[in-house]
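Before any comments, here is the structure.
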Amino acid sequence: MSEAAAQGNQARLSSLLNSQEGIVLVLAVLAFVLFSLLLPSFFSPGNILALIRSVSILGILALGMALVVIARGIDVSMIATMVVSVSWAFVIARSGYSLEFALLVGALFAVSAGMLIGVLIAFGEVAPIFATLAAGSVIYGLGRTFFFTLEMQNVPPGAGWFSLIGQGRILGVPVTVVIFAMLCLALHLVLSRTWFGWQTYAMGNNPGAARITGISNRPMIVAQYAISALIAYGAGLVLASSASAINARLFNSTMIYDILLVVVLGGIGLNGGHGKVRNVILGTIFVGILLNGMTIMNIAYTIQNLVKGVVLLLAIVIDSLVNPRDEQTSQQGDL
Amino acid sequence: MTEIVQFRKATKAFAGNAAVRDVDFTLRQGEVHALLGENGAGKSTLTKVLAGLYPLTSGEMLIDGKPVSFSSPADAMKHGIAMVFQETNLIPSMNVAQNIFLGEERFFNRLRGVNIKAQQHLQRLNFHVEPTALVSTLGAAKKQMVEIARAVHHKARIFIFDEPTATLTPEEKQHFFALVERLKGEGASVIFISHALEEVLSIADRISVLRDGALIATDEARNFTRERIVQAMVGRQLTDALYGDAAAKRVARRPGDKVLALENVSMGKAVRSATLSVFAGQVTGLFGLVGAGRTEMMKIAAGVLKRDFFHGGRITLRGEAVRFRVPRQAVRRGVAYITEDRKLDGLFDTMGIAQNVFLGKLAKGSNPVSVIGLGEARRQSAEWIETMKVRSIGANVRVVELSGGNQQKVVIAKSLIQAPSLIIFDEPTRGVDVGAIAEIHRIIERLADAGAAVVVISSYLPEILNLSDRILVARQGRIVEEMTIDEASEEKIMYAAVH
């Protein structure tokens, strides 16, 4: 290796260690080593596989969230969209229609919900956090009132291939993990290789400049929320398949915060414009190790939530320090 | 007459550039003192120093003969200095009384008591403002009254007005002048920044003219005429190489086809029935002082802003009537607007140079390949980065790390890669180093020579004279004067721009 190349590698290494990504990577490796040494049952092929599988669904949801966050938005309605569209699809399937048709209806519902939210944000100019927060309640309320009444919706009987999604394996790798990996690859290609991805970054970076340059921000926003809703639906299907049912109560769980935790911790700044799929993967792995370790250690659920909350808070504070929203606000110090 | 404020050799520099240089300025007790000058002449900076917003870099400021330096606007307020902003300093969702007594609320407040106190205060000043009215429902003149009432309540004796009459109707202006007279009658001193020469000549006792940060003239108002003021504002000695060869030596390009025409275009109060034409193959210079609406006119033409829906006038692009909702539509038809504030809406600042430039191409929809990448972006933007001579230490540098000149070149390249036929440069050399200015000017000339219609908006007269073949002057939302480069001179342009 030439000297220049070695120097380049060294520079890259030091810049990696200084970035948020680098810090999280180091923390993840530390946590992994620590848990492996302290918890005898942690470092076993079975547990590692279970860890990746359990965290895959979170990772899939985080991919959708990442797309929206890169464009300077946020989508806290993902869980509502997920549970309502999947539950409704199961209800339709059990009332006599074919499973394929029912799943298509569920997908259409998810996409239209996402588009409606996108229209509210893009054309109504509602702040994304409020639009998606309110829309999430509306979607969940609609679902519980009109589409299904039971919280627990079982996978309809006689759906052989459907249960493979969550329980099958390809060459020993769970299908869930394969789906997560494929979606990662797909989103990576979209973000880095298509005009849609590039313009998404541009919008998140500077919406005003994007507009003047001739990018149509509004249709882009609608598309982004539609895609994130569709990804949420997909995650819901994987979840339902592996558990043989979907529980609408997830809407009231801390799942949406786990998704944000993955995205922010992985290094996708909430101020938009940067972050890659590898940040999602990194965040997913770190959160996965954290959750799995705490579960093996038999830490109470409430304390786990406290730990997650503290980590999320820290990640957001660090994010806003590392990536200030703009120069004007970051320099205000006269208090 | 006692001199209440004195500046001695006052200098205020921002990042090494002096905005105000060695100014000796005095304000007397009970006088109305007008400050005049071009955009960027240093009027605002000087008054902001007095109001405690900036400290002086060097020199002295004396109040009542004693040297002072303020650490904050509140500090200046304690010395009786009040800067009256247009309307920014009032809280719109509170009523007049609450605004007047803002900052001195007790632990428990009775609105009625506050209202009564405000009523008495306003009556003493003879202001006809209802103390219980919400500030958001008041007009511009009434808001000014509230600002002044608040300042008087804080025992202010020096009032600074920055462009107070720009948004007022003629009737409101009369009220405002009466008010200034009354303040003067009570022994207060007033500093008055304005571009409206007639107003200044009629109400000011003394006039000072600033140019490029230096005080050019101070005298009794009766010794000034319009001509003398304009002369003082523009009489620049052009010695530096950049603007050295005067524009007169140049042969104006002949106009080609009419590309853009605005007919009676209006937008709110900023643009009022503006009419102008832009022709292919030449540079049209657009000059105007603050509030003239020149940027707004061009932003409307480029679809960045929308003109009034009713009585908004007519815009034709190459003979075809257009009404753009979004800039995208204008971009697709070959109109490029290059922003005056590249940080705000010009750059994708954490991206690289090639990415920034290539995004222009993507947005135009003229990208030939559907699968793209950094390599593709570099290939396609290389030509323009080369043409614009963007210099950086490496290909991966984020544009936020570039110098102002190189950033501006990136913004220009991002627009030129879209192959526009009408290019609007808004302050193309603001915050740009001298070397880059020359290169940007060369590009502008080349575009016009190649047959494009080019508009250059600038506040700097030498730049306008140096580049333009034809000059339009905007004032109060209208185009008030059109001249060829052969007829134009600094005095003539400035004479049209002030009023």
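Read-outs throughout are calculated quantities, based only on the coordinates presented, and are distinct from any laboratory measurement. Remember, predicted model here, so these are calculated numbers, not experimental data. Note that we place each Cβ from the backbone using ideal geometry, even for glycine, and neighbour counts take in every protein chain shown.
Here are the numbers:
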| item | result |
| --- | --- |
| FRET efficiency, B:Gln29 to B:Ser403 (Cβ-Cβ, R0 41 Å, nearest 0.05) | 0.30 |
| D (Stokes-Einstein, µm²/s), Kirkwood Cα radius, the range A:26-322, 0.890 mPa s at 25 °C | 125 |
| Antiparallel bridges, percent of DSSP beta bridges restricted to chain B (to nearest 5) | 55 |
| Alpha-carbon centroids, the range B:275-329 and the range B:69-128: separation in whole Å | 41 |
| Whole-Hz couplings from phi, Karplus 6.51/-1.76/1.60, listed for the range B:296-305; x for Gly and Pro | 4, 4, 6, 5, 5, 4, 9, x, 6, 10 |
| Estimated Rh, the range B:3-234: Kirkwood, alpha-carbon pairs, angstrom | 18.3 |
| Cα→Cβ-extended label distance, 7 Å offset, between A:Trp161 and B:Phe309, nm | 5.0 |
| Tensor-based shape of the range A:128-241 (alpha-carbon gyration tensor, a/c under 1.5 rounded, otherwise prolate or oblate) | oblate |
| Amide N proximity, the range A:193-223 versus B:Arg333 label position 7 Å along Cα-to-Cβ, cut-off under 16 Å | A:214 |
| For the range B:354-363, Karplus couplings with θ = phi - 60° (6.51, -1.76, 1.60), whole Hz, Gly/Pro x | 4, 5, 4, 5, 5, 4, x, 5, 4, 5 |
| 5 angstrom amide H check on B:Ala214, placed H, neighbours 5+ away | B:Arg21 |
| Net charge, A:Met255 excluded, C-beta distance under 14 Å - Lys, Arg +1, Asp, Glu -1 | 0 |
| Burial ranking of peptide ranges B:176-186, B:93-103, B:416-426 (average Cβ count within 10 Å, highest at the top) | B:416-426, B:93-103, B:176-186 |
| C-alpha long axis of helix B:111-125 to longest principal axis of chain B, angle in ° | 90 |
| Cα pair distances of the protein assembly as shown binned at 20 Å [whole percent] | 13, 36, 34, 16, 2, 0 |
| Span from the the range A:260-326 Cα centroid across to the the range B:442-499 one, whole angstrom | 55 |
| Cβ-based net charge around A:Arg211, under 9 Å, with every Lys or Arg adding one and every Asp or Glu removing one | 0 |
| Percent of beta bridges antiparallel (DSSP, the range B:3-234, rounded to nearest 5) | 55 |
| Dipole magnitude of chain B, debye to nearest 20 (Cβ charges: Lys/Arg +1, Asp/Glu -1, about Cα centre) | 1260 |
| Average partner coverage of B:342-349, which counts Cβ from other chains inside 10 Å | 6 |
| At R0 = 45 Å, FRET efficiency that the Cβ-Cβ distance of B:Val251 and B:Ser202 yields, to 0.05 | 0.55 |
| Kirkwood hydrodynamic radius (C-alpha pairs) into Stokes-Einstein, the range A:15-91, 4 °C and 1.567 mPa s, D in µm²/s | 83 |
| Gap separating the Cα centres of the range A:60-133 and the range B:178-228, nearest whole Å | 63 |
| Shielding by partners, peptide B:407-417 (average Cβ within 10 angstrom, other chains) | 1 |
| Point-to-point label distance, B:Asn264-B:Arg124, nm (Cα→Cβ direction, 7 Å offset) | 5.2 |
| 3J(HN,Hα) from dihedral phi, the range B:330-345, Karplus parametrisation 6.51/-1.76/1.60, rounded to Hz, x for glycine, proline | 5, 4, 5, 9, x, 9, 10, 10, 9, 5, 7, 10, 5, 5, 6, 9 |
| Within-12-Å neighbourhood charge of B:Tyr495 [Cβ basis; K, R +1; D, E -1] | 0 |
| Chain lengthening between B:Thr316 and B:Phe85 when straightened (0.36 nm per residue, less Cα-Cα) | 79.4 nm |
| Peptide B:324-336, shielding by other chains (average Cβ, 10 Å cutoff) | 3 |
| Residues B:Val290 and B:Glu491, FRET efficiency given R0 of 22 Å [Cβ-Cβ distance, rounded to 0.05] | 0.65 |
| Fraction of antiparallel bridges per DSSP, the protein assembly as shown only, in percent to nearest 5 | 55 |
| Separation of the A:Arg249 and B:Glu383 label points, Cα + 7 Å toward Cβ, nm | 6.4 |
| Ranked by how many other beta carbons lie within 10 Å on average, peptides B:201-208, B:373-380 from highest | B:201-208, B:373-380 |
